[in-house]
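*Asks:* Below you'll find the structure I mean.
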Amino acid sequence: MSGEFLLIECKCKNRQIVFNKPSSIVKCLVCNKILVEPTGGKGIVNTKIIRRIRN
Ligand SMILES: [Zn+2]
């Protein structure tokens, strides 16, 4: 399964690294806001993407 990781920033300014094809909802670790929603493929990112991280 291919995919990439994204460094994203929540509105609360918390930054975290997420997989861009998540199998479940990704929430902010600080404020619990939903940041990425799964679709079965590429997830829907609901916040700002700072940069992409390629392996
Ligand atoms: Zn947050």
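*Asks:* What are the ³J(HN,Hα) couplings of the stretch 23-37, residue after residue, when phi is run through the Karplus curve with 6.51, -1.76, 1.60 and θ = phi - 60°? Round to Hz, x for glycine and proline.
*Replies:* My calculation for the stretch 23-37 gives 8, 8, 4, 9, 10, 5, 6, 9, 10, 6, 5, 6, 9, 9, 10 Hz in order.
*Asks:* Another question about this same structure. Using a Cα-Cα cut-off of under 15 Å, which aspartates and glutamates could be cross-linked to Lys21, ignoring same-chain neighbours fewer than 8 residues away?
*Replies:* Partners found: Glu4, Glu37.
*Asks:* Using θ = phi - 60° and the Karplus form 6.51 cos²θ - 1.76 cosθ + 1.60, what ³J(HN,Hα) does each residue of the stretch 15-22 get, whole Hz, x for Gly and Pro?
*Replies:* The phi angles translate into 10, 8, 9, 10, 7, 7, 10, x Hz.
*Asks:* Report, in debye and to the nearest 20, how large the dipole of the chain comes out about its Cα centre when Lys and Arg carry +1 and Asp and Glu carry -1 on their Cβ.
*Replies:* Its charge dipole is roughly 200 debye.
*Asks:* In a shell of Cβ-Cβ distance under 11 Å around Lys27, excluding Lys27 itself, what net charge do Lys and Arg (+1) and Asp and Glu (-1) give?
*Replies:* Every neighbour counted, the sum reads 0.
*Asks:* Taking the C-alpha atoms of the chain, how large are the radius of gyration and the largest Cα-Cα span, Dmax, in Å?
*Replies:* Here Rg and the maximum Cα pair distance are 10.4, 31 Å.
*Asks:* If the cut-off is a Cα-Cα distance under 19 Å, which lysines reach Lys11, setting aside same-chain residues fewer than 8 apart in sequence?
*Replies:* Within reach: Lys27, Lys33, Lys48.
*Asks:* Name the residues whose placed amide hydrogens come within less than 5 Å of the amide hydrogen of Lys21, ignoring near sequence neighbours (fewer than 5 apart) on the same chain.
*Replies:* Glu4, Gly43
Read-outs throughout are calculated quantities, based only on the coordinates presented, and are distinct from any laboratory measurement. Since the structure is predicted, the reported quantities are computational estimates derived from the model, not experimental observations. Here Cβ is always computed from backbone atoms with ideal geometry, including for glycine, and neighbour counts include all displayed protein chains.
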